[in-house]
Amino acid sequence: MKNVRELLSSRTGPKAMSFDGNTGGPSTEDILTALAFVPDGLGRELLEALWWPESGQRRREQLRQAVIALVAPEFTRQMHTLADARTDYGIAKASMGWGGAQITDAQRRQLRRTEEALEGARAVTWPNNTMEQLGVLAGAVIAEMAGASECARCGGRKVVLDAAIAGVVRCADCGGSGFEPLSGRKRANAIGADCSAYSRFWRPVYEWMLYHFRESESRAASRLSRALSKAA
């Protein structure tokens, strides 16, 4: 079957007529009926935003809610992990020589462990203002998805042959996404940040969102394809 993304785009927009006057393939009604079998959520909202822009414009609120539903739990989890690490470090520090007692080696080791854990949590925690910037980040990620080209090395297959193991490995150029990644500079410009700020603070958030957006949209496209196949 023709790529369902192209079908969705062509059948919900202007039709390209053949010489015999027949558009061919599933009708608009077939595709919209199949779309009803795609579960609500981020994947479906992205599928429509990317391939049926007219509907995407009408469903901006649903897309906003779906993005928040994806990102907010992860942001909250990170904040809780950081808070727990900070609390553990504070307790370990307060326990050093408690009540004038001699500081023990065990207390020193505990302080070092909790301090390292706190530093590790800080290193992987997204910026405090992530939720305030979520609209900008989501817009940039969706724009990258809309303009993405297949990876030149793997041709969108996500893997390449490796003669050393006589098999396939994940494509290093695209990180297994199948798409040519944008440069850090372009991504920084898209979210209104400089390159250093993007690399230091925003890259983990951006790449996490891009990965999950693509996975969600891909699952939705697969569901649409299966629904169309059953209806065929």
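Between the helical axis of 203-231 and the longest alpha-carbon principal axis of the chain there is an angle of about 30 degrees.
Which of rounded, prolate, oblate describes the range 112-154, given a ≥ b ≥ c as roots of the alpha-carbon gyration tensor eigenvalues and a/c under 1.5 marking rounded, otherwise prolate only if a/b is larger than b/c? Oblate, because a/c is 1.5 or more while a/b does not exceed b/c. For Rg and Dmax of the Cα atoms in Å, the value calculated from this model appears in [x] 17.9, 55; [y] 17.1, 51; [z] 24.0, 94 under label [z]. Straight-line reach from Lys230: taking Cα to Cα under 12 Å and skipping same-chain neighbours fewer than 8 places apart, the aspartates and glutamates in range are Asp30. The alpha-carbon positions of the range 75-124 define a convex hull whose volume is 48 Å³ per residue.
Overall, the range 76-195 carries a charge dipole of about 160 debye about its Cα centre when +1 sits on the Cβ of Lys and Arg and -1 on the Cβ of Asp and Glu, all other atoms neutral.
Taken over the Cα atoms of the range 24-162, the convex hull encloses 198 Å³ per residue.
Determine the shape class of the range 123-231: with a ≥ b ≥ c the square roots of the Cα gyration tensor eigenvalues, call it rounded for a/c under 1.5, and otherwise prolate if a/b is greater than b/c, oblate otherwise. It is oblate, given that a/c is not under 1.5 and a/b is not larger than b/c. With each label modelled as a point 7 angstrom along the Cα→C-beta vector, the Phe201-Asp40 pair spans 3.5 nm. Normalised by the number of residues in the chain, what is the relative contact order in percent for Cα pairs under 8 Å and 6+ residues apart? Once normalised by length, the contact order is 27 percent. The long axis of helix 42-51 is offset from the longest Cα principal axis of the chain by roughly 50 degrees.
Here Lys158, Lys230 are placed in order of increasing Cβ neighbour count within 10 Å, fewest first, which gives Lys230, Lys158.
For the chain, the Cys residues with no second cysteine's beta carbon closer than 4.7 Å are Cys195.
Helix 105-124: angle to the longest alpha-carbon principal axis of the chain, degrees 0 to 90, nearest 10? On a 0 to 90 degree scale, this one is about 30.
Where a number appears in this text, it was derived from the coordinates with a stated rule and is not lab data. Everything quoted here is computed from the prediction, not taken from an experiment. Because the Cβ atoms are built from the backbone with ideal geometry, glycine has one as well, and the counts that use them run over all protein chains shown.
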